Amino acid sequence: MSLRILSGRPFAEAIQAEVAAEVAAIKARGGPVPCLAVVRVGEDPASAVYVGSKVRTTEELGMLSEHLHFDENVSQQQVVKAVTQLNERDDVDGILVQLPLPKHLNEREILELIDPEKDVDGFHPVNTGHLMQGYDSLVPCTPAGVIELLKRSGVEIAGKHAVVVGRSNIVGKPMSMLLLQENATVTICHSRTKDLPAVTRSADILVAAMGRAGFITAEHIGDGATVIDVGINKLTDASQARELFPPEIADKRVSSIGEKGSTLIGDVDQKAAYQKAGAFTPVPGGVGLLTVAMLMKNTVKAAKMRRAI
Ligand code: NDP
């Protein structure tokens, strides 16, 4: 069976073009320009890269952005004050607090403080509650991106067996709810699932969101399944890279380890996916690209809903 590589790039570009067109239309009507505020604490290098990309893309699509960067030692009170002020400002449509936060901060209190109407990450209990009840809401960007990718690449979801490995509030649980909304029959797996390979093998659509490099192997994948790899992990061992990547990719990945010290890999053994899957999202270049695109879409959606523009 031939494998379809589901690259995220064309879909991410299409979504961003749609957002840019919507922003232009709002401006043409004399409406306010949607604005995304991003709060970042400390110097985590990955967070800095993610926030940079979010702010840059917001501006590229014609929207406004604000980047509030706090020192690692900022107090809970200072972050609470900043989020409260963003909540109160009418010109701010979306508020995103980049995770993870330093350990001394109360992440839950901060996320629950964000006005649900401005909660573009979709993590507030009001929005997760609406998702659970099947109402339109601001939905977490990564799982929302997976649904867009499946739909836009013509993968049928209704009536299919979707298995999600991982039950986090950020990916696994909202992913499962969205697949259910699309009328899949959904199974959620986690670290206590018994005989995981038997469960995942029965999936028409398998979503891996565990944070374990190359964990999903050939024994986990049913013939011809659509395999969505959400994981983002760093691989530093060249011999492991030879095992986990198909020969046509392995050389490049091994030299990347030699040059940069690591290469990115998802939760799926790519060699196994190439052998057994019918369709597969690569890492990098798959689901990750859609996350920022969906954040942009959520920002315009939040602006339109709250300000009736
Ligand atoms: P979490 O660590 O919060 O959750 C991991 C989940 O995987 C848990 O529910 C855990 O089960 C489950 N799990 C771990 N080990 C096993 C196992 N051996 N068998 C079955 N289930 C297992 O991670 P996140 O959900 O935040 O992220 C998952 C991955 O997705 C990470 O690699 C992350 O980097 C990536 N990610 C990618 C994004 C993107 O834009 N592409 C965005 C967000 C995340 P249990 O609950 O029992 O502990």
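Computed values, structure above
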{"item": "Spin-label model distance (nm) - Ala308 vs Gln275, 7 Å beyond Cα toward Cβ", "result": "6.0 nm"}
{"item": "Karplus-derived HN-Hα couplings along the range 198-207 (A = 6.51, B = -1.76, C = 1.60, θ = phi - 60°), whole Hz, x at Gly and Pro", "result": "5, 6, 5, 4, 8, 7, 7, 10, 10, 10"}
{"item": "Value of [θ]222 nm, deg cm²/dmol, for the chain, DSSP H segments ≥ 4, -39500 (n - 2.57) each, nearest 500", "result": "-14000 deg cm²/dmol"}
{"item": "Prolate/oblate/rounded label for the range 32-115 (Cα gyration tensor, a/c 1.5)", "result": "oblate"}
{"item": "Percent RCO, i.e. relative contact order, over the range 177-225, from Cα pairs under 8 Å lying at least 6 residues apart", "result": "36 percent"}
{"item": "Label-point separation, Val126 to Arg29 (7 Å along Cα→Cβ), nm", "result": "2.2 nm"}
{"item": "Residue-wise HN-Hα coupling along the range 5-14, computed from phi with Karplus coefficients 6.51, -1.76, 1.60 (Hz; x: Gly, Pro)", "result": "8, 8, 6, x, 4, x, 6, 4, 5, 5"}
{"item": "For Val97, distant residues with modelled amide H under 5 Å away", "result": "Val39"}
{"item": "Derived scalar couplings ³J(HN,Hα) [the range 296-309; Karplus, 6.51 cos²θ - 1.76 cosθ + 1.60; whole Hz; x for Gly, Pro]", "result": "5, 5, 5, 5, 5, 4, 4, 5, 5, 5, 6, 9, 6, 10"}
{"item": "Footprinting exposure proxy for Ile249, Ile205 (fewest neighbouring C-beta atoms within 10 Å first)", "result": "Ile249, Ile205"}
{"item": "Interchain or long-range residues, amide H under 5 Å from His67's placed H", "result": "Val38"}
{"item": "Distance (nanometres) between label positions extended 7 Å along Cα→Cβ at Ser256 and Ser168", "result": "1.9 nm"}
{"item": "Counting DSSP beta bridges with both ends in the chain, the antiparallel % (nearest 5)", "result": "10 percent"}
{"item": "5 angstrom amide H check on Arg4, placed H, neighbours 5+ away", "result": "Ala279, Phe280"}
{"item": "Packing-based exposure ordering (other Cβ within 10 Å, fewest first) of Ser47, Ser191", "result": "Ser191, Ser47"}
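The numbers here are math on the coordinates, done by the rules we state, and not lab data. Because the structure is predicted, anything quoted here is derived from the model rather than measured. Reconstructed Cβ throughout: ideal geometry from the backbone, glycine too, with neighbour counts over all protein chains shown.
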